[in-house]
1. Within segment 200-298, considering only strands (runs of 3 or more DSSP E) that don't extend past its boundaries, which have at least 3 residues that are out of contact with any His (no Cβ under 8 Å at 6 or more places or on another chain) and in the same structural domain as residue 392 (by the TED database)?
2. Restricting attention to segment 552-600, report how many residues are closer than 20 Å to residue 496 by Cα, surrounded by fewer than 22 Cβ atoms within 10 Å (Cβ to Cβ) and polar (S, T, N, Q).
3. Has segment 605-620 got any residue that is among the β-branched types (Val, Ile, Thr), under 26 Å from the mean Cα position of the chain (by Cα) and buried (at least 22 other Cβ atoms within 10 Å of the Cβ)?
4. Test of understanding: among 910, 849, which residue is over 30 Å from residue 54 (Cα atoms) and open to solvent by 60 Å² or more (accessible area, probe 1.4 Å)?
5. Mind checking which residues of segment 720-736 are open to solvent by less than 10 Å² (accessible area, probe 1.4 Å) and charged (D, E, K, R)?
6. Among the helices (runs of 4 or more DSSP H) confined wholly to segment 630-704, which include 2 or more residues that are open to solvent by less than 10 Å² (accessible area, probe 1.4 Å) and in contact with a Phe, Trp or Tyr (Cβ under 8 Å, 6 or more places away or on another chain)?
7. Of the conditions (1) in contact with a helix residue (DSSP H, G or I) (Cβ under 8 Å, 6 or more places away or on another chain); (2) open to solvent by 40 Å² or more (accessible area, probe 1.4 Å), residue 423 fails just one. Which one is it?
Amino acid sequence: MATMTTGENKPMDVDEKKAVPRLEASLNIPDNVSFPEEEEKVLQYWKENDCFKTSLKKSEGRTPYSFYDGPPFATGMPHYGHILAGTIKDVVTRWATQTGHHCERRFGWDCHGLPIEFEIEKQLDIKTKDQVLEYGIANYNKACRGIVQRFAKEWETVVSRTGRWIDFENDYKTMNLSYMESVWWVFKELHKKGLVYRGVKVMPYSTGCTTTLSNFEANMNYQDVSDPSVVVSFPLVEDPTTSLLAWTTTPWTLVSNLGLCVNPKFKYVKIKDTKTGNVWILAETRLCQLYDLKKAEKAKPPLFEKLAEFQGTELAGKEYVPLFPFFTAMKEEGAFRVLTDGYVTSESGTGIVHQAPGFGEDDYRVCLAHGIVKKGKGVLCPVDPSGRYTNEVPDFQGMYIKDADPKICEAIKAMGRMVNKGALVHSYPFCWRSNKPLMYKACASWFVEVEAIKDQLLEASDATYWVPDFVHTRRFNNWLQDARDWCVSRSRYWGTPLPIWHSEDWQEIVVVGSVAELEELTGKKFDDIHREFLDDVRIPSKMGKGELRRVEEVFDCWFESGSMPYAQNHYPFENKELFDKTFPADFIAEGLDQTRGWFYTLLVLSTALFGKAPFKNLVVNGLVLAEDRKKMSKSLKNYPDPMEVINKHSADAIRLYLINSPVVRAEPLAFKQEGVKEIVKDVLLPLWNVMKFFLQNYQRFQREGHEMPRELKPTNTMDRWILAASNHLINYVKEEMRCYRLYTVVPGLLKYLDNLTNWYVRMNRRRFKGDGDGVEDCGQALATLYSVLMTAVHLMSPFIPFITENMYHKLSQLLPEDKREESVHYCLVPESDSSLLDEVIERKIERMQTVIDLARVIRAQQNIALKMPVQKVIVIHHSKEYVDDVTELKDYVVDELNVLELEVTSDEKQYVVYTAEPNLGVLGKRLKGDAKKIGPEIKKWTHDDVAQFLNTKKAVVLGHELGEDDVKVVRNFAEGCGDYLSNGDGQVLVMLDKTQSEELLLKGLAREFTNRVQKLRKTAGLQPGDAIKIYYENVEDDAQITGALAQEASYISDTVKHPWADLKAGAPQTDIIIREEQELNQKKVVFVLAKP
């Protein structure tokens, strides 16, 4: 004996029950349902009863489950990527709450940085730093603050409409003083650990946003572009008739050329071009840059003449004539000579690389090593913050660097130094905000010394659990292996200012770690620490160096979001105990693009501060693309508005569609609205209709004077199966959710739902309607359905919170008052009942389902309607256990397949003859020449040989062991089985007799007759218990219809369960409910339903 598994006996802790408004919970469910409208009712209920806060209050005192919400940029409305990540977070945190944890969820906003500033500059038509300063940093920052506040309410509306429970009231904002102060604390701690330094480095630089970017930001937006591909000559000073050749795709950097670099290990050649007579030097392996070498071999006269060859070391120190006159004075510093370094490759170009140390990381390093650039001194960089040439380059002054490429090429051609010019399509980094191509520029910046803690980062990363794992082990850890020092300063305005004050000579530096410390150092009070309040603040020197000034830069916004675990709660200034309890987080989740973004910055800061990762478990989702697999674009309008889809199909549908897709495995998803529609049709409607079907029959059972039993006593096979499957599902979902495998949880839930709706309910309809084995059997069927339906509601509530809330409010009316909760989301997930678990019954039903499905496919392929009976079906399997399992469930198979005779046998020989063929494609790869010898031997196998092979899945032929993939098994019908059609799955074979007879035709017509009556009842809106009388008229006196009704009269009466009569024998004497003329057997038949 078992108690119903409904979860109602496991509510969350609550001090006392309070009367709260409930959702409309009538047990009479209308025929039509609008899920979006029902969701609006649920939303209103949640709002009126403050359900999210109530769930938090009820779970107080439970084991904390810590969750960090990655802050989105507040620059626009949520898109499908936000909805996807939000759904994953909501599912996991709801599940945590409903499995006995206390899980606070606070929304966060990334308020600072380039995304906000870029929007403002578009609005204000600001393009340069001078324009910002003219407008005023205070006004500029005020405008930025306004954008953040503008979108907050819209976000709350959309996020709430998707069903996500998260605290907007106590959200954190990176622009709040408390948050910014914690960021200062993080930075000072890093500085105290010696992990912060100021240095000049060539960094990715955005001319669109006029600031440096970090290396991981530079990797966020690569695009294929066509750039100039030019080879330029550099005549030697010692022999102006001979020129070194250098190749570049950035002609704009040539004005700043200070050197040429060769690889000391390469062989270089001096050649004379036959056509022009010019003498050039380049790497021997790169002659292909100038000539088609295949043609050159056959050319007469030869295209070029080799004059000499030498190692790269022999070129070192040779001087050349500068390309432009702008910086000839640099010759005194050692410029305009040949340098050597191993970074020069032979994969492209000429094997000689031009050096512009202000615009290339390797260029800077090489020129520094050769003394052209001096450590601690400036670097030649004649480009302003907007990417325009300064007056140092008068010929191109004011031109944007990429616009100058053609002009520079024209100038080089006019000098006679352009050897060749073409175009190259290659992948190039663009700014992730302005979408302009990045440049690499030497800048004085502040860095976190990531390379110094690389080993600790890898160790901390290894202690975390990621889903899917490959993102962690391949993508993320590979990124960590190559981690570079992190540039955390930005030459911008709207951000947390770097808390660094320094003397003019940089000998005295003060890093401030709190507002209180700043107030103590300055004697002033601060309620805001944005730039407009700090730029003029001075700190008196303690070393007699006058006043210390603050550096201009602000923090990289990724530094701020990476500080979120501490700054959201103003740690360490407040909430230290809370932090200690909840750090590291149990769970975080974001998109794949955050692998080199938020996930990385979180890990770097946490490892540097505490020596461990800030999270334990991480779920990574892929990118949501438009239906054409292109990036979703507002300008292209290539995707439907999320709110329109929600209001058309429901939030539950869009949630389930997203988390039951490849995107939860970090793969891309091409969003299709049709897919959301299918979730409504295939999942939500069937689930809703099962509830409706149950409640209709429950009420009928009550009206007949019966009570549904409170205890389950499952003896019926199908009851035992669905209860076993239900309890198995509880264990399965708990295990998969423990491992954060949402991509396996949802398919498991949907398979169960399919079993519930398309198998259990459909195959037991007669029992639910009281047409089975009496009242007790009907009561047990209803009790079983109620139990498993409630289990499904509880298990699916974190995934589809609206429909499950609605269903719970209706279904829980059947519970005693003290067993009900005000929300399904207050209930704990039920425990499985081990006494109901039964692997054997699940195995038997699964085999039965396989047989039925295989036979249905045959019917579908041959257009044999399911209502048309077939004479015989034969099921063949070599295993006695399989045969016994299907035989035990024979009645179900016969009923489902509408077959008169079912034979289940292991005697394959009687019906099937096996032959075997070698799979030469597989064998040839593995066994080479021996495959040809083995092939004829396989063809000699007898039926019994093949049968044994199918059973053991292996065989030895000529000393080689063969497996399933090596042999093709061919099944042929035995003699006398020509009237059968077959279908199999490699294990079981199903044969169906395709012959038809007059008897079968009449039975089919009788089934069709009863089906028309049932559909007409539905059209009329009749309920299961409504009494009626059925009339029909065989208008054309079709003999087959007459014969079918006579032959199958007993079957029809048992099925329609109401009196039925021929209209020709007398018209109805009572009110007609519905009358309809239809075609049956291509003949006219009138159907009438009347009151009794």
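1. Numbers: elements: 222-235, 242-248, 259-262, 267-273, 279-283.
Output list reads 222-235, 242-248, 267-273, 279-283.
2. 1
3. As a first pass, look at segment 605-620 and keep what is among the β-branched types (Val, Ile, Thr): 607, 619-620.
With under 26 Å from the mean Cα position of the chain (by Cα) added as a condition, the list becomes 619-620.
If we keep only those that are buried (at least 22 other Cβ atoms within 10 Å of the Cβ) too, we end up with 619-620.
The answer is yes, given that some residue of segment 605-620 is among the β-branched types (Val, Ile, Thr), under 26 Å from the mean Cα position of the chain (by Cα) and buried (at least 22 other Cβ atoms within 10 Å of the Cβ).
4. Numbers: 849 fails: open to solvent by 60 Å² or more (accessible area, probe 1.4 Å).
So the residue among 910, 849 that is over 30 Å from residue 54 (Cα atoms) and open to solvent by 60 Å² or more (accessible area, probe 1.4 Å) is 910.
5. Residues satisfying the conditions do not exist here.
6. On the way: elements: 642-649, 651-659, 673-679, 685-703.
In segment 630-704, the matching helices (runs of 4 or more DSSP H) lie at 651-659, 685-703.
7. (1)
Residue-wise test of (1) more than 17 Å from residue 494 (Cβ to Cβ); (2) touching a Gly at 6+ places or on another chain (Cβ under 7 Å).
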position: 116; (1), (2): no, no
position: 121; (1), (2): no, no
position: 140; (1), (2): no, no
position: 150; (1), (2): no, no
position: 159; (1), (2): yes, yes
position: 184; (1), (2): no, yes
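The values are calculated or read from the model by the stated rules, or taken from the named source; none is laboratory data. Here the structure is a predicted model, which means the values were calculated and not measured. Every residue, glycine among them, receives a Cβ derived from its backbone with ideal geometry; neighbour counts consider all protein chains shown. Keep in mind that these areas ignore ligands, DNA and RNA; they rest on the heavy atoms of the full protein, side chains included. Shrake-Rupley method; radii C 1.70, N 1.55, O 1.52, S 1.80 Å.
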